[in-house]
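First the structure, in the form of C-alpha cells, and then the observations on it.
The values are calculated or read from the model by the stated rules, or taken from the named source; none is laboratory data. Keep in mind the model is a prediction, meaning the values are calculated, not measured. As a convention, Cβ positions derive from the backbone with ideal geometry for all residues, glycine included, and neighbour counts pool all protein chains shown. Ligands, DNA and RNA are stripped out before the accessible areas are found, and what is left, the full protein with its side chains, is counted by its heavy atoms. Shrake-Rupley method; radii C 1.70, N 1.55, O 1.52, S 1.80 Å.
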Protein chains: 2
Amino acid sequence: MATGGGTAVLALTMGEPAGIGPEIAVRAWLARRTAELPPFLLLADPALVAASGRMLGCDLPLAEVAGPEEAASRFASALPVAPLALTRPAVPGRPEPANAAVVTGAIDLAVNWALAGRVAAVVTNPMQKATLYDAGFAFQGHTDYLAHLCKCAGRSVMMLVAPMLRVVPVTVHLGLRQAIESLSSEAIVETGRITARALARDFACPAPRLAAAGLNPHAGEGGSLGREEIEIIAPALQRLRAEGIDVRGPLAADSMFHETARSTYDAALCMYHDQALIPLKTLDFKGGVNVTLGLPIIRTSPDHGTALDIAGSGRAWPTSLLAALRLAAEIAERRRAYDAVHT
Amino acid sequence: MATGGGTAVLALTMGEPAGIGPEIAVRAWLARRTAELPPFLLLADPALVAASGRMLGCDLPLAEVAGPEEAASRFASALPVAPLALTRPAVPGRPEPANAAVVTGAIDLAVNWALAGRVAAVVTNPMQKATLYDAGFAFQGHTDYLAHLCKCAGRSVMMLVAPMLRVVPVTVHLGLRQAIESLSSEAIVETGRITARALARDFACPAPRLAAAGLNPHAGEGGSLGREEIEIIAPALQRLRAEGIDVRGPLAADSMFHETARSTYDAALCMYHDQALIPLKTLDFKGGVNVTLGLPIIRTSPDHGTALDIAGSGRAWPTSLLAALRLAAEIAERRRAYDAVHT
C-alpha cells in the first residue's frame, strides 16, 4: 500500500449532511495550525461546506480539487474539497434518504483512493444509519461497508483509542443478552490476533501486551458467577498464547481500567460494548477515536454520532475528529515504517 | 437511633483474621491524626492485633475495653479493642473455619451496639466467604447477614461511594446472564426509593437527583438493541417519578460517567455489577467505600476483599478503610442532623 511521492493527504468523508459532520470538518480546517493537523481533503458538496462556514461566521476559502494529489499544496490556504453534489439541499437535523447515495458515494471514493495509495487514510464523519437503511443501504454500518469495499473476507475489529486507554470490544452493537449468546472462542481469538498485529504495525508496540476481561463480575469467581470464563474465554486466550501472543486474563473487568492496571497492557480485549466503552468514555468523553483494524486501508473516525439535535447550531465540538485525523496520519506513518522493515 | 451522650465511636469488626483486616485496622489507628479519623474500637482478638502491630514494627498500645463507652477517651493514646478470643491462632493467608464463629460474633456484637445506639456506626473489615460457608454460615455475605441481625425485612442496597461518584447496582453478585434474568421493575423501584431516601438523610442531598442506566448499549437504541429499557426500566422510572423522585433515564451507560455527566446527578442506578463498578474503580481504585442502604443502622466497609495473597506481608494499604471510617462518621453526623429536623 504505497502512498506515492510527496505528502499524502487524508480523505475525510462528509458523513450525514444534516448532522454535525460538515461543521466539525470546517472547524477542523480552521484549527489546522493550532491543532497541528495533517492535510486532509473533504469529500462533500461544496455548497454544504460553504454554508457550514457561514454558520460559523466565516467566508471559507474552498479549493475544489479533482483528486487528492492537488490537495496537500492547497491545504494551508484553503479547505480542499472533492466536490460531490447532494441530490437535495441538506437541512440541519433533518436527514434525507434521497442524499444517501451521495453519503455512501463519498465513502466509495475515499476507499478507492486509499486502496490505490492516493490518500494515506480514510477518516469518516458519522452517518445516520436509519436514513441509509430507509434508502436501501444493506450494511450494518461503516465497518462492514468498508470491509465490503475492500473485499476483506476476515473479521474487522473496532478499537477505541484515547491517550490513556485502548479498548477492543469482541462483540459490538448487540443487546446485552445477544452479546452473551454470540460470544465465542473463535471471535476472541480472531479479535486478539488482529489487535496484536495492529498494535505492532500501527501503534508502535513491538511486543504487544493484551489484557482480556472476563464476561461476569470478578471474572466469574472460579465459575460461581458464570462459566463463560472457563468455557469460552480462557480456552481462547490459551490459543492466542500458543500463537505467541502476550495476553493476560480473563481479568475482573472492574479492576483493569485504573491507572496502574492500564500501564500493564497496550489494549484491553472486552467482551461487550459497554465493558469497553464505559471506561473509555469515563476517562475521555470527547477525545476518543474509533479505528477499524483488519482492513487493508487505514480508517479512523470520531467516536460520536451525527448529533442531529445540535446540527446547524454551531455548538459541535471537533475534539474527536481532530484526534481521528491526527491518529490516522500517525498510523500511516508508523505502518510505513513498520512495513519498510518487515516486508 | 440516639447515640447517647458524648462522642459516639465507630465499631470496626475484625473481618477474616487471616486476611489484611487486622493490618489495615492497625494502620488506620496509627494514621488517626494525619487522616483525621473519628474514634473507633476494634472488635478482635488482642493477640492478633498485637501481632499485626509487631509485623509493622510497632509495640502497639492496646486498650482492652468492655464496651464502646470506654473507647472514645482511650482512642488518642491506645487502640481500643473489644476482646474476642479466636478459637485457633490466625495464620496469615490461611483462613480457618474454626474461627468463623468469632468472625461473625464480632459482627453480631457490633450490630447489637449499633441497634442500641452505643456506637454511631458499624464498619466491617472483609470476610472470607468461602471459609464461613465451610463453617456453615447460611448467608450470602455481610449485607444479608446484617439485614438478618437488624430484623430488616425490606431490600438492602449496596452503594459504592468515591469522592467523584456514587453508584448503586440494582443486581449485585450474579453472573451477567443471571443479572439480566433477575432484573425487574420492582427491584429498580425499591432500589431507587431507598437510594433517594439515603441521599437525603445520609448524604446531605435535600433534593436527590438519580440517573438510571439502561441495560443494553446505547440504552437499547429505541428497542433495536434490546427491550429491557422499554419493558422493565422505563416503567420503573415512571413509578419512581410518580412518587416524586427525580430520576433521569434510562441513559446510555457509556455516556453517563464522565465529569460533566457526573455533575448532573447524586447517584447512578446501575443495572448490573460491572456497570457500576467499572466506572467507580476506573476513577478511584483504592478509595471506594461500600455503604449498605436500607438498614436501621449505619454500615460502611472498604471496597476490597481479604487479600489473602498479601496478608502478613505488611503491604496492605488502608486507603479504603480510612475512607470507610470517615464516611461512617459523616453519615452518622448527617443522619443525626436530618432526623432532628424531620422527626
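Which of the strands (runs of 3 or more DSSP E) contained wholly in the stretch A:240-343 include at least 3 residues that are away from chain B (no Cβ under 14 Å)? Show your work before the answer.
On the way: elements: A:246-251, A:267-270, A:289-293, A:299-302.
The strands (runs of 3 or more DSSP E) meeting that bar are A:246-251, A:289-293, A:299-302.
Output the number of residues of the stretch B:90-121 satisfying the condition of being more than 23 Å from the chain's Cα centre (by Cα) and over 23 Å from B:L30 (Cβ atoms).
Residues flagged as more than 23 Å from the chain's Cα centre (by Cα) and over 23 Å from B:L30 (Cβ atoms) within the stretch B:90-121 amount to 5.
Just to confirm my filter: which strands (runs of 3 or more DSSP E) fall fully inside the stretch B:1-82 and include at least 3 residues that are without any contact (Cβ under 8 Å) to a residue 12 or more places away in the chain, crowded, with 24+ Cβ neighbours inside 10 Å and acidic (D, E)?
Values: elements: B:10-13, B:40-44, B:62-64.
Passing ranges: none, list empty.
Step by step: first the residues of the stretch B:215-224, then only those that are open to solvent by 40 Å² or more (accessible area, probe 1.4 Å) and in a helix (DSSP H, G or I), then the one that is nearest to B:V157 (Cα to Cα). Which residue is that?
First, the residues of the stretch B:215-224 that are open to solvent by 40 Å² or more (accessible area, probe 1.4 Å): B:218, B:221-222, B:224.
Restricting the remaining residues to those that are in a helix (DSSP H, G or I) gives B:218, B:221-222.
Values: B:H218: 25, B:E221: 28, B:G222: 29 Å.
If we take residues in the stretch B:215-224 being open to solvent by 40 Å² or more (accessible area, probe 1.4 Å) and in a helix (DSSP H, G or I), then B:H218 is nearest to B:V157 (Cα to Cα).
When you scan the stretch B:225-238, do you find a residue that is open to solvent by 30 Å² or more (accessible area, probe 1.4 Å), facing another protein chain (nearest Cβ under 9 Å) and of a type outside the set (S, T, Y), even just one?
Initial filter on the stretch B:225-238 (open to solvent by 30 Å² or more (accessible area, probe 1.4 Å)): B:227, B:230-232, B:234-235, B:238.
Going one step further and asking which of them are facing another protein chain (nearest Cβ under 9 Å), we end up with B:227.
The next check asks that each one be of a type outside the set (S, T, Y); those that pass are B:227.
Taking every residue of the stretch B:225-238 in turn, at least one turns out to be open to solvent by 30 Å² or more (accessible area, probe 1.4 Å), facing another protein chain (nearest Cβ under 9 Å) and of a type outside the set (S, T, Y).
I'd like the residue in the stretch B:198-214 that is in contact (Cβ under 8 Å) with a residue 60 or more places away in the chain and of a type outside the set (G, A, S) and, out of all such residues, is most open to solvent (accessible area, probe 1.4 Å). Let's see the steps before the verdict.
Of the residues in the stretch B:198-214, the ones in contact (Cβ under 8 Å) with a residue 60 or more places away in the chain are B:198-205, B:213.
Imposing the further condition that a residue be of a type outside the set (G, A, S) reduces the set to B:199, B:201-203, B:205.
Values: B:L199: 0, B:R201: 48, B:D202: 10, B:F203: 11, B:C205: 15 Å².
Among those that are in contact (Cβ under 8 Å) with a residue 60 or more places away in the chain and of a type outside the set (G, A, S), it is B:R201.
Please state which of the following conditions B:L109 fails to meet, knowing it meets all the rest: (1) modelled with pLDDT under 95; (2) in contact with a strand residue (DSSP E or B) (Cβ under 8 Å, 6 or more places away or on another chain); (3) open to solvent by 30 Å² or more (accessible area, probe 1.4 Å).
(1)
From the set of residues in the stretch B:174-200 that are within 14 Å of chain A (Cβ to nearest Cβ) and among the polar types (S, T, N, Q), which is farthest from B:E333 (Cα to Cα)? Even if it seems obvious, please write down each step before you answer.
Applying the first criterion (within 14 Å of chain A (Cβ to nearest Cβ)) to the stretch B:174-200 yields B:174-183.
Going one step further and asking which of them are among the polar types (S, T, N, Q), we end up with B:178, B:182.
On the way: B:Q178: 38, B:S182: 36 Å.
Within the stretch B:174-200, the match that is farthest from B:E333 (Cα to Cα) is B:Q178.
Mind checking which residues of the stretch B:169-186 are open to solvent by less than 50 Å² (accessible area, probe 1.4 Å) and either hydroxyl-bearing (S, T, Y) or in contact (Cβ under 8 Å) with a residue 24 or more places away in the chain (or both)?
Step one: filter the stretch B:169-186 for residues open to solvent by less than 50 Å² (accessible area, probe 1.4 Å), giving B:169-172, B:174-176, B:179-180, B:183-185.
Selection gives B:P169, B:V170, B:T171, B:V172, B:L174, B:L176, B:A179, B:I180, B:L183, B:S184, B:S185.
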